[in-house]
Amino acid sequence: MSLVSFPIPAKFIWSLVFDYDNSANDGEIEYKITVEQGGSYTSKDFSESVASTARRLAEEGHIKVEAGLSFGPVSASISAGHESSKEINEMLENTTGTQSEGTVTKYQKEERTYRIGARSRLCLYQRLFDCPGISVSASASRTTPKPLTAQEIEEDVPIDLTVAPKTFIKDIKVVYTKLESEAPADRVRANDGLSEDIGYDNNRGKRTDPDDDLRSCVWLVPETTTKVSEALTIVDIVLTWQPDPDLLDLADDGGAPGEYKYRYIIPVRQSNQSMHITKLMLYRSADSKEPDLKGYEGRHSRNINQGRDGGWLYLIWDTQRANPI
């Protein structure tokens, strides 16, 4: 894995919460306010910022990256010499976790009371952290007897970022074995520890003797790439009575009267799409309910077992946005 490190721009901002002028009164004032703390993270915006920054630095010769790759953060932190906070660190941790297209939001409210003395003025500022895709309202605050100047309000603060090329699925191979024990180690796994043999529900995957008169076990084995141009975007399952000599049959020439005889997997690569497949899983179900896509941001195939005995079987996939350099 080739790691690349570079800074991306961000800002600390002192945001005015209130400016209470009690200079015309002889009495002290008690002022209550609700302050919101926390932040939000939007993967799409942050990823685009990372890509645009890396592209500019590469063009200027500051970093070396291979063209056509999309990079994802493996670590992100406020540069040394700048004060961070719990809220900022939590949002930065989101950049290195599982990426979804939605916005991750975490806020809480705090009730505060301030006393403004007689013949005085009090300004309350809250520290904000801002960069593309990340917005944080920190717990840090400061009070001043007069508004801050424009120079005091904003501070440039870089994020030290280390990224690595994202890995995508570029192909899905169909592999036959005589025995279930010969299953490829890198096969696509199934939910809940169920069999990954495509024909398990049709008496395959139960062979213990290679001379038994049973059809082959059929496995799906993914091939990966870091090149965005090679990455898959969707997967089609074709059920047909027409054989295709260029494809391997998921039913291993199974079929029976009234069923589709041939079942083919067709990996699809769409150049006009920005979401690309990063992982796969087989999903088995005893009923026709839609598969549980928890943890998977992509889609699912049609029922591979349609028209034959056994439960429902789907291929589901997760996707991530690719921003090639």
Looking at the square roots a ≥ b ≥ c of the eigenvalues of the Cα gyration tensor of region 53-109, which shape do they give, rounded for a/c under 1.5, prolate if a/b is larger than b/c, or oblate? oblate
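For the chain, with all protein chains present and a 1.4 Å probe, just round the carbon and sulfur fraction of the accessible area to a whole percent.
C and S fraction of accessible area: 46 percent.
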Using modelled backbone amide H atoms (1.01 Å from N, in-plane), which distant-in-sequence or interchain residues come within less than 5 Å of Gly72's amide H? Ala164, Lys166
Taking the Cα centre as origin and putting +1 on Lys and Arg beta-carbons and -1 on Asp and Glu beta-carbons, what dipole magnitude results for region 283-324, to the nearest 20 debye? 100
Place a +1 charge on the Cβ of each Lys and Arg in region 1-149 and a -1 charge on the Cβ of each Asp and Glu, then give the dipole magnitude about the Cα centre in debye, rounded to the nearest 20. 260
Karplus-derived 3J(HN,Hα) from phi for region 266-272 (6.51 cos²θ - 1.76 cosθ + 1.60, θ = phi - 60°), whole Hz, x at Gly and Pro, runs 10, x, 10, 10, 10, 6, 8
Starting from the amide H of Ile234, placed 1.01 Å from N in the peptide plane, find each other amide H under 5 Å away whose residue is 5 or more places distant or on another chain. Val268, Gln270
Can you give me the three principal axis dimensions of region 101-151 from its C-alpha atoms, in Å, biggest first? 52, 29, 12
Filtering trypsin sites (Lys or Arg not before Pro) in region 78-164 by DSSP loop and by at most 13 other Cβ atoms within 10 Å leaves Arg119
Rounding to the nearest 10 and keeping the result within 0 to 90°, find how far the Cα-based axis of helix 43-59 lies from the longest principal axis of the chain. 90
Which lysines does Lys294 reach when only Cα atoms under 17 Å apart count, and residues fewer than 8 places away in its own chain are ignored? Lys279
From the residues Pro7, Tyr314, His300, which one has its Cα farthest along the dipole of the chain in the positive direction, the dipole being from +1 and -1 charges on Cβ of Lys/Arg and Asp/Glu about the Cα centre? Pro7
How about region 1-84: which GluC sites (Glu not before Pro) there are in a DSSP loop, with at most 14 other Cβ atoms within 10 Å of their Cβ? Glu28, Glu60, Glu66, Glu83
If you count only protein heavy atoms with a 1.4 Å probe, what accessible area per residue comes out for region 215-325, rounded to a whole Å²? 48
Would any residue of region 61-81 have its amide N under 11 Å from a label point 7 Å out along Cα→Cβ of Glu90? List them or say none. none
How much net charge surrounds Val157 when only the other residues with a Cβ under 12 Å from the Cβ of Val157 are counted, with Lys and Arg +1 and Asp and Glu -1? -4
With x for Gly and Pro, the residue-by-residue ³J(HN,Hα) of region 238-248, computed from phi through the Karplus equation 6.51 cos²θ - 1.76 cosθ + 1.60 at θ = phi - 60° and given in whole Hz, is 10, 10, 7, 9, 9, x, 10, x, 8, 10, 8
Please report, for the Cα atoms of region 1-118, the Rg to one decimal and the Dmax as a whole number; what are they, in angstrom? 20.7, 69
Nearest 20 debye, what's the magnitude of the dipole of the chain about its Cα centre given +1 on Lys and Arg Cβ and -1 on Asp and Glu Cβ? 500
Under the 0.36 nm per residue contour assumption, what length would be gained going from the current alpha-carbon distance of Asp287 and Leu247 to full extension? 11.5 nm
Between the modelled labels at Thr34 and Arg55 (7 Å from Cα along Cα→Cβ) the distance in nm is 4.2
Got a sec? Charge dipole of the chain, +1 on Cβ for Lys and Arg, -1 for Asp and Glu; which of Leu194, Thr149, Gly97 is way out at the positive end? Thr149
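The values are calculated or read from the model by the stated rules, or taken from the named source; none is laboratory data. Bear in mind the structure is a predicted one, so any value in this text is a computation, not a measurement. Cβ atoms come from the backbone with ideal geometry, glycine included; neighbour counts cover every protein chain shown. Only protein heavy atoms, including side chains, enter the accessible area calculation; ligands, DNA and RNA are left aside. Shrake-Rupley method; radii C 1.70, N 1.55, O 1.52, S 1.80 Å.
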